[in-house]
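First comes the structure, then the notes that go with it.
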Amino acid sequence: MACCLKTGFYVSGSSDTFLGCRAKGSLGVSPSVGALQLSNSRSKDFMGKQLDYSVQNSTYWDVKAPTTFSVKARASISVSRALRWWEKTLKPNMIEIHSAQELVDSLLNAGDRLVIVDFYSPGCGGCKALHPKICQLAESNPSAIFLKVNYEELKPMCYSLHIHVLPFFRFYRGAEGRLCSFSCTNATIKKFKDALAKYGTEGCSLGPARGLEESELLALASSGQISRNVPLGYATEKKDKQVQDVVLNGFDLSSSVVKDENKRGVNGGSAVVMA
């Protein structure tokens, strides 16, 4: 682990003795290279506290000084965090989603662009193995938007959207709304490529972007995950019209539609299956 000390020292290693560190001594001496011995080098005791160290084998001091002497110093450690696998090789058109409201807004603001929602989990081996290929496909399709959803971070939302297997993908575009949804792994990546080839060409749809289904919006709103002022799309089916009426009437939670959505979506979510 490499650590940077704000006092000017650069420390590399984990032992109590650090070699090759530049130290500025008292007594009006100039910088030199020596061995630095920390009396308390554990990181939990180090940050922002007073430490004692001694400089030994100082053969290049400008003035004579004791072979070993103590100096008081204050320093703090800053450690850079390594990128986790789902953060590596991300492309500009790959966006991490952190809330249900952010997902709804991203879909509605995408216009006619193809939007691919990638549901993954940090502990899913299939998701980790597939991630580099998805990044490559995102790079070769810059007009598409890839929204990444961390299942562990947004479990209630995933239950509401009926996501029960990982990795899982959903394709959306404009007023058409959801185009397709499926699960795939490295072994079945052709399924993803075929969908990308089919829906990846730019199109023009009449009307505003539809985004999530009406029933999904209702399930998210009734559980408090999104605002109740949800935009309504084009309700053409009888069920969608019933859901729309419930939304307009202020989310009557006694409605059989709401109870059905809560039972299947929010409260009835089963354990997710990871590839």
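The values are calculated or read from the model by the stated rules, or taken from the named source; none is laboratory data. Because the structure is predicted, anything quoted here is derived from the model rather than measured. Reconstructed Cβ throughout: ideal geometry from the backbone, glycine too, with neighbour counts over all protein chains shown.
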Extreme residue, farthest from the chain's Cα centre (by Cα), among residues of the stretch 180-200 that are of a type in the set (S, T, N, Q) and within 23 Å of residue 162 (Cβ to Cβ): 188
Single match in 158, 180 (criterion: surrounded by fewer than 19 Cβ atoms within 10 Å (Cβ to Cβ) and modelled with pLDDT of 95 or more): 180
Test: residue 183 is under 15 Å from residue 272 (Cβ atoms) and among the small types (Gly, Ala, Ser): yes
Only listed residue being loosely packed, with under 12 Cβ neighbours inside 10 Å, at pLDDT 50 or above and either among the acidic types (Asp, Glu) or under 30 Å from residue 180 (Cβ atoms) (or both), chosen from 132, 92: 92
The stretch 76-110, subset assigned to a loop (DSSP other than H, G, I, E, B) and closer than 20 Å to residue 226 by Cβ, residue nearest to the chain's Cα centre (by Cα): 98
Exclusive hit being of a type in the set (A, V, I, L, M) and without any contact (Cβ under 8 Å) to a residue 12 or more places away in the chain, set 209, 187, 195, 175: 187
Any pair with Cβ under 6 angstrom, 6 or more apart, that starts in the stretch 85-98 at a residue that is outside the structural domain of residue 140 (by TED's automatic domain parsing) and ends at one that is of a type outside the set (Lys, Arg): none
Flag for residue 152 being on the phi < 0 side of the Ramachandran plot and in a loop (DSSP other than H, G, I, E, B): yes
